[in-house]
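Participant: First the structure, which I've put down as structure tokens, then a few questions once you've had a look.
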Amino acid sequence: MGRVVITGGAGFIGSHLCERFLKEGYEVVCLDNLITGDLRNIKHLFKNKKFEFVEYDVTNYIYIDGKVSGILHLASCASPVDYLRFPIQTLKVGSLGTHKALGFAMAKKAVFLLASTSEIYGDPLVNPQKENYWGNVNCIGPRGVYDESKRFAEAMTMAYHYTHGVAVRIARIFNTYGPRMRPDDGRVVPAFINQAIAGKPLTVFGDGSQTRSFCYIDDMVEGLFRLFKSSAATPVNLGNPDEKRIVDFAKVVLKLTKSKSKISYRKLPVDDPKVRCPDIGKAKRILRWEPKISFEDGLKETIKYFRKLRGRSGRRN
Ligand code: UDP
């Protein structure tokens, strides 16, 4: 089947992708410097002879012996809390890391897939967002370190495609959730679920009228796999177009966890996008892909995961 390298393979989406490629018969080399990735996400794969893990910072030159048919560049901080904690690493992995990964793809004649993001649209002035929308980004705002590194990464990816003929794929990944998110990564799904099951107030930022559209991890992995196998060189939105207000999302979490927690309103972070919803027409057309898992089913699985995690760590409150 071939051999793929997955950077950020010990992270949330990366670890699910490692699993998927192994299931499809590929050999998988997982690179991760573990600043936000976690070995617990991949430890069950260590017994698989087709899986190899290398602790590595991909902002440095990448060398791996032997044939490689694909490199999927997932390495990055991806939660606002994380990229505010690691702003320079975030900029470096999107810029230097993407450059190294593209150079590696070129040397190996491998397909390169970039995990880009809906954040390249910034605080969008059109809703839903189509791939031909250029975005509205504050380059020197707190989120700029992530947004601009990914915008640079897309530019670099297209330049390698046009200049060197590298076969590239660009996935613009919208909010994704599911098992293996870190409970403390600060994103709204793990935050609300963990607050609800601990009986703590749900921290809604602003008045909660801002919207997001949440895609379950299994749907996302399917989309990424199909994109990798396709021949689409230009960006493709991957996400679930089921748009929700954050305050309504909080209420769904309270209902599904049967929690008595209250909602506590906090200051809205700077440059927090007011709306976000993917137009997935292109993915439907060229990948024959659309999300299948309902919000309620996906959330139930995720709640189960966080309950188990809390049980294991012995925390009750
Ligand atoms: N949010 C919230 N409470 C939290 C964490 C996030 O109200 O404890 C809001 C946040 O302001 C944003 C949305 O939920 O409007 C999604 O935030 P997240 O950090 O998950 O990702 P983003 O889509 O902003 O990158």
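The values are calculated or read from the model by the stated rules, or taken from the named source; none is laboratory data. This is a predicted model, so every value here is computed, not measured. Positions of Cβ are generated from backbone atoms using ideal geometry, with glycine treated the same way; all protein chains shown enter the neighbour counts. Calculation scope for accessible area: heavy atoms of the full protein, side chains included, ligands and nucleic acids excluded. Shrake-Rupley method; radii C 1.70, N 1.55, O 1.52, S 1.80 Å.
Participant: When the dipole is taken about the Cα centre of the chain, and only Lys, Arg (+1) and Asp, Glu (-1) are charged at their Cβ, what size is it in debye, to the nearest 20?
Facilitator: 1100
Participant: When the helices in the chain are scored as -39500 (n - 2.57) per DSSP H run of 4 or longer and the sum is shared across all residues, what 222 nm value do you end up with, to the nearest 500 deg cm²/dmol?
Facilitator: Rounded to the nearest 500, the figure is -12000 deg cm²/dmol.
Participant: What's the center-to-center distance, using Cα atoms, between the range 73-89 and the range 161-198 in Å?
Facilitator: Between the Cα centre of the range 73-89 and that of the range 161-198, the gap is 11 Å.
Participant: Calculate, for residue 43 and residue 301, the FRET efficiency according to 1/(1 + (r/R0)^6) with r their C-beta to C-beta distance and R0 25 Å; round to the nearest 0.05. Don't skip to the answer; put the middle values down first.
Facilitator: Working: r = 20 Å, r/R0 = 0.81.
About 0.80, to the nearest 0.05.
Participant: Using the Karplus curve 6.51 cos²θ - 1.76 cosθ + 1.60 with θ = phi - 60°, work out ³J(HN,Hα) for each residue of the range 40-56 in order, rounded to whole Hz, and write x for Gly and Pro.
Facilitator: 5, 6, 10, 4, 5, 8, 4, 6, 7, 5, 7, 10, 9, 10, 10, 6, 7
Participant: Then there's this: Determine the relative contact order of the range 49-181: mean sequence separation of Cα pairs under 8 Å and six or more apart, normalised by residue count, in whole percent.
Facilitator: Relative contact order comes out at 29 percent.
Participant: Would you list which aspartates and glutamates come within 16 Å of residue 284, measuring only between C-alpha atoms, while excluding same-chain residues fewer than 8 positions from it?
Facilitator: Partners found: 131, 219, 222, 242.
Participant: Another question, then. Debye calculation, C-alpha points only, no solvent: report log10 I(q)/I(0) for the range 134-234 at q = 0.13 Å⁻¹, in the same order as the q values.
Facilitator: Calculated log10 I(q)/I(0) at the listed q: -0.68.
Participant: Okay, next question. Pop the C-beta distance of residue 203 and residue 60 into the FRET formula with R0 = 22 Å and round what comes out to the nearest 0.05.
Facilitator: 0.05
Participant: Hey, another quick one. Classify the range 186-250 from the C-alpha gyration tensor, please: rounded if a/c falls under 1.5, else prolate or oblate depending on whether a/b exceeds b/c.
Facilitator: Because a/c hits 1.5 or more and a/b exceeds b/c, the range 186-250 counts as prolate.
Participant: Could you tell me whether the chain comes out rounded, prolate or oblate from its Cα gyration tensor? Rule is a ≥ b ≥ c as square roots of the eigenvalues, rounded for a/c under 1.5, then prolate if a/b exceeds b/c, otherwise oblate.
Facilitator: Verdict is prolate for the chain.
Participant: Shifting gears a bit: What percent antiparallel are the DSSP beta bridges of the chain, to the nearest 5?
Facilitator: The answer is about 10 percent antiparallel.
Participant: Mind pulling the per residue volume of the convex hull built on the Cα atoms of the range 258-310? Å³ is fine.
Facilitator: Working: hull volume 8.8 nm³, N = 53.
Looking at the range 258-310, the number lands at 166 Å³ per residue.
Participant: I've got another one for you. Hand me the trypsin sites (Lys or Arg not before Pro) from the range 1-48 located in a DSSP loop with no more than 12 other Cβ atoms within 10 Å, in residue order please.
Facilitator: 47
Participant: For the chain, what is the relative contact order in percent, using Cα pairs closer than 8 Å and at least 6 residues apart in sequence?
Facilitator: In percent, rounded to a whole number, it is 17.
Participant: For the chain, report the accessible area per residue in Å² (1.4 Å probe, heavy atoms, rounded to an integer).
Facilitator: 45
Participant: For the pair residue 67/residue 268, report the inter-label distance in nm, with labels modelled 7 Å from Cα in the Cβ direction.
Facilitator: Taking the simple label geometry, residue 67 and residue 268 are separated by 5.4 nm.
Participant: How about residue 43: which aspartates and glutamates have a C-alpha closer than 17 Å to its C-alpha, ignoring those fewer than 8 places off in the same chain?
Facilitator: Once the sequence-local aspartates and glutamates are set aside, what remains near residue 43 is 19, 27, 32, 52, 55.
Participant: Specify whether the C-alpha gyration tensor of the range 86-144 places it in the rounded, prolate or oblate class, a ≥ b ≥ c being the square roots of the eigenvalues: rounded for a/c under 1.5, otherwise prolate if a/b is larger than b/c and oblate if not.
Facilitator: Oblate is the answer for the range 86-144, as a/c is 1.5 or above yet b/c matches or exceeds a/b.
Participant: Next question. Just to verify a number: FRET efficiency for residue 234 and residue 292, C-beta to C-beta distance, R0 = 22 Å, to 0.05?
Facilitator: Calculated transfer efficiency: 0.35.
Participant: Taking the full set of protein chains and a 1.4 angstrom probe, give the accessible area of residue 44 in square angstrom, rounded to the nearest 10.
Facilitator: Probe radius 1.4 Å; accessible area of residue 44 about 70 Å².
Participant: Same structure again: Determine the relative contact order of the range 114-175: mean sequence separation of Cα pairs under 8 Å and six or more apart, normalised by residue count, in whole percent.
Facilitator: After rounding, I find 47 percent.
Participant: A follow-up question, please. Over 31 Å between Cα atoms: which of 23/300; 50/308; 244/308; 200/282 fall into that group?
Facilitator: Long pairs (Cα-Cα over 31 Å): 200/282.
Participant: Rounded to a whole number of µm²/s, how large is the Stokes-Einstein D of the range 108-188 at 37 °C and 0.692 mPa s, given Rh as the Kirkwood radius over C-alpha pairs?
Facilitator: 230
Participant: Carbon and sulfur atoms: what percent of the 1.4 Å accessible area of the chain do they account for? Each step should come with its number before you reach the end.
Facilitator: Values: 7910 of 14380 Å².
Accessible surface attributable to carbon and sulfur in the chain totals 55 percent.
Participant: Quick one: Cα centre-to-centre distance for the range 131-155 and the range 35-57, in angstrom?
Facilitator: Cα centroid to Cα centroid, the span is 30 Å.
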